[in-house]
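Notes follow the structure.
The values are calculated or read from the model by the stated rules, or taken from the named source; none is laboratory data. Values in this document were obtained by computation on a predicted structure and should not be read as measured data. Cβ coordinates were reconstructed from backbone atoms using ideal geometry, including for glycine residues, and neighbour counts include every protein chain displayed.
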Amino acid sequence: MTISQGISSQMLYTILQDGMSTNYNNYANLLAQIASNSKLTSIADDPVATVNVLKTQKGLDNIEVYLENIGIAQDEITELDDMLDSLNDDIVSTYKPLAVQAANGTYDTDSLQAMLQQLEGGLETIIQIGNTKFNGDYIFAGTNVKTQPFTINKDADGNITSVTYNGTPADGEYERYVQTGDGTYEVINAPGDSVFGYYDSATGESEGIIGTMVETINALKVLVEQPTEAEVTAANEALYGLLDRFDESVSQITTVQTKYASAYNNMEMAKTSLDATEVNLTSVLSNLKDIDITEVSTDLYSAMYAYQASMSLLSQVYQTGTLLNYL
Amino acid sequence: MANLLSALNMNANSLKVNENAISVVSNNVANMNTIGYHKQTVNLATRTNEIPIGNNVYRQIDSLAGVQIASVTRSTNKYLDNAYRGALAQLGCLQQQQNNISDIADLFDELDGTGIDAGLKSFFEALNDLNNNPTDSTARVAFLESAQTLTSLMNTTAEKLQEQMYSQLGDGVSADALADSPFAAEITNINDLFQQLADVNESLARTQTGNLTANNLLDTRDTILDKISEYMDFDLEEYPNGTVRLSLNGVDLVKGTEVLGKFTVQTASEYCAQQGITYPDDWDGALAVVNIESTDGRVFGNINDTITTGKLGGYLTTGSDDAGTVSADYILGKLDQLAVTIADIFNALQTDANAYCIDPTTWTLSDANRNVNIFVSSDGGAISATNIKINDDLLADGGQWLLATAYFDDPAQFDANAVGNNSNVVNMLNTREAAQAGLGGLTFEDFYSALVGSVGTALSNIDGEIEAQQSIVDNLDLQRTAEYSVDLNSELTDLIKYQTAYSAAARIFTTCNSLLDVLVSLGG
């Protein structure tokens, strides 16, 4: 402040007091910044930075949500994958060899009966897997998550007439979506019919592992009942014909697994990029908001010295006083 | 002897003059901390006996009559006073505006993560949970609760804005609200100041009858004028007797010893009714109208446009709904826009012909959602930020199942069992990043943060203006202090000066006295 005119006593005090209060304000402001570790104490401090803080904060919160979603989705896919793996194992190591043995025609009735029971148990297991629930929902039912996807129907003699699929069909809107990024969704479920197939004796529809198993069981039943030569030959031929279908079923299941493995990998990549973005945004937010502690501490000390200096100056002026002290 | 006696006389006068000069110094020192005090200075002048001198040197000496006090002048500078008062009026206006905006800004302090922005964020987070678990009752209830939090945040903010808008000038309709408003109180204050000015004018008219000025009364007068300038700008004319005529746009407010015009306020609706204007549709002014009521019975209606500065100007500009000004009214309009857009978008998705809710008793899809909007207004009128709320049907027991989560792109694919279908929630989630036509092509959150930004910018701009204006006022004030206020050093110097003169005069008195003694004892 330049003063061109004479300085009156009151004016000197005013100037000194103004200076002291400015220094005190600077000091207090820096203290508040350090206490809150934030450059922005009000939206008016820096409106542009405020808007950016809000946007960045939103981005960070979204990333957290997406990462959580990915976690849940990956859990479900892993669960699905594990079960299908064990199913494939069972098909390759148990069900198909049983069918091969039965087709050989060298076993007696008791052995055939045992094989039949084992295969019937296998079908139960497959259907149980098809009816698996995850978080209270059937995971192989498409979007019909509260409807049990597979049911076995038998006639009075205990013969399987059909295994129906009650979920959303593979050619329907079966997808359940999970958000893994802004406007990006991953499908996390597989329709049961594309994995396990179904069977209906009335229409002759027989698909997938379920169709194969039911037909194998039916052929074995014929063998166990000790039929005529011709019937045996027909049943054995039927069993031979079914052997390939075991392999087809396995590859059908593997196709579904591959599809979900790729969804899993997509999410894994999304996770990596979300993690990287999170690091970036955190540093952006920190730049916008956080104080540079070295800089602010230095400023704080210089503000403190300025404040002390102005106080000591004021006291000195009061001590020096006026002409009055010398009269 | 005659000369000795006249010298004594002169001395007596000199003692009196210095005594009086010291009393002026004493008045200065006594008032060194008095607000509005103007330093007074003694002007000494020679005293002359007006006698014909001719060529007589003794007559010439006889004509010297010592010293007299010509006047006591008061430091004053009209230019500085005018500049100071003008700047003060500007500052008063800005400070009042800042008050209003900072009240508004307090409502939008989103940095602590508790405002509408945070509400929108948790609304979409709850929607995401619903997307992950469309058949989960808890996720549905949680979504409705977060939606309710969002609406009540809007309600509270809108109510507070409304309160803020009506807090200064009343609500534009109720006379009681206006009478209780701070604006009405300020009008009373300024009318009081007019009366005080008239009183000082009266004292001045009685006191300052000659050429000498009534300095302390002038101080009082100037202090009152300074105070009035905090409220508004005015025109001023000063008369030789120190009285002033205060007028506004040619209308006399104070002249001589009388208050000629008083300010009165009325609500905007009352004024409009008198003028035949439809309120509030055709009225674009402030919520209150200032009139001048003249003592001669004339009324100068609606002088709002004349009062553009000072505290009163500040009240009138921020209370108005001028486009482009960041006022409570403007922000309320923006919030309404946000509330309406959110309600429209979500209600449309909820009641879409291909969207379905769930019947949890049978775990099948149902179209019971078709007539159940998510967002409704609490008073049956059009939706606004003030009245937006969640439909009671959804909040009732089991109401959460009415939320339409399923959606079929191809209606032929409809399957009543597809309760896990979450495509409608995906549609809702997608509105988050979608440009909304109702919000000028911005997303919900961008629209809101832009609003926060504009409030922050308005406040930071006005803070900057105030800082600049404050430094102008401070500078002028400092100049006035420099010119007007008492400096102890110079007063003490004056004191020594007059004291020395007094002692010298006393010494001369003693000398004259002893000379007279000599003279008297000559005969004895």
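On the given criteria, is B:Gln266 out of contact with any strand residue (DSSP E or B) (no Cβ under 7 Å at 6 or more places or on another chain) and farther than 14 Å from B:Leu204 by Cβ? No; evaluated as a whole, the condition is false for this residue. Say we look at the range A:150-187 and pick out the residues that are at the interface with another protein chain (Cβ under 10 Å from one of its Cβ atoms) and more than 20 Å from the chain's Cα centre (by Cα); which of these is surrounded by the most Cβ atoms within 10 Å (Cβ to Cβ)? For the range A:150-187, the residue satisfying everything is A:Gly167.
Among the residues of the range B:267-300, write down those that are surrounded by fewer than 18 Cβ atoms within 10 Å (Cβ to Cβ) and of a type in the set (A, V, I, L, M). Answer for the range B:267-300, where residues must be surrounded by fewer than 18 Cβ atoms within 10 Å (Cβ to Cβ) and of a type in the set (A, V, I, L, M): B:Ala273, B:Ile277, B:Val299.
How about the range B:161-176: which of its residues are in a helix (DSSP H, G or I) and either modelled with pLDDT of 90 or more or of a type in the set (Asp, Glu) (or both)? Across the range B:161-176, the qualifying residues are B:Glu163, B:Ala175, B:Asp176.
Identify, please: which residue in the range B:448-468 is more than 7 Å from chain A (Cβ to nearest Cβ) and crowded, with 20+ Cβ neighbours inside 10 Å and is, among those, nearest to B:Gln98 (Cα to Cα)? Once the filter is applied, the top-ranked residue is B:Ile462. Tallying residues that are within 12 Å of chain A (Cβ to nearest Cβ), in contact (Cβ under 8 Å) with a residue 40 or more places away in the chain and outside any helix (DSSP H, G or I) within the range B:65-119 yields 4. Tallying residues that are within 13 Å of chain B (Cβ to nearest Cβ), surrounded by fewer than 17 Cβ atoms within 10 Å (Cβ to Cβ) and of a type in the set (Val, Ile, Thr) within the range A:26-51 yields 2.
A Cβ distance below 8 Å, combined with a sequence gap of six or more or placement on separate chains, defines the contacts here; from the range B:477-493, residues that are more than 7 Å from chain A (Cβ to nearest Cβ) reach residues that are among the acidic types (Asp, Glu) and assigned to a helix (DSSP H, G or I) in the pairs B:Arg480/B:Asp81. Scanning the range B:415-443 for residues that are among the aliphatic types (A, V, I, L, M) and touching a Leu at 6+ places or on another chain (Cβ under 9 Å) yields a count of 8. Examine the range B:422-438 for a residue that is surrounded by 14 or more Cβ atoms within 10 Å (Cβ to Cβ), facing another protein chain (nearest Cβ under 8 Å), modelled with pLDDT of 90 or more and more than 53 Å from the chain's Cα centre (by Cα), and state whether such a residue exists. Checked the range B:422-438: at least one residue is surrounded by 14 or more Cβ atoms within 10 Å (Cβ to Cβ), facing another protein chain (nearest Cβ under 8 Å), modelled with pLDDT of 90 or more and more than 53 Å from the chain's Cα centre (by Cα). The set of residues from the range A:54-74 being out of contact with any strand residue (DSSP E or B) (no Cβ under 8 Å at 6 or more places or on another chain) and either at the interface with chain B (Cβ under 7 Å from one of its Cβ atoms) or within 30 Å of A:Thr255 (Cα to Cα) (or both) comprises A:Leu54, A:Lys55, A:Lys58, A:Asp61, A:Leu67, A:Glu68, A:Gly71, A:Gln74.
For the range A:43-89, name all the residues that are within 30 Å of B:Ala105 (Cβ to Cβ) and charged (D, E, K, R). The answer is A:Asp45, A:Asp46, A:Lys55, A:Lys58, A:Asp61, A:Glu64. Of the residues making up the range B:417-440, those that are touching a strand residue (DSSP E or B) at 6+ places or on another chain (Cβ under 8 Å) and under 24 Å from A:Glu173 (Cα atoms) are B:Asn417, B:Ala418, B:Val419, B:Gly420, B:Asn421, B:Asn422, B:Ser423, B:Asn424, B:Val426, B:Asn427, B:Leu429.
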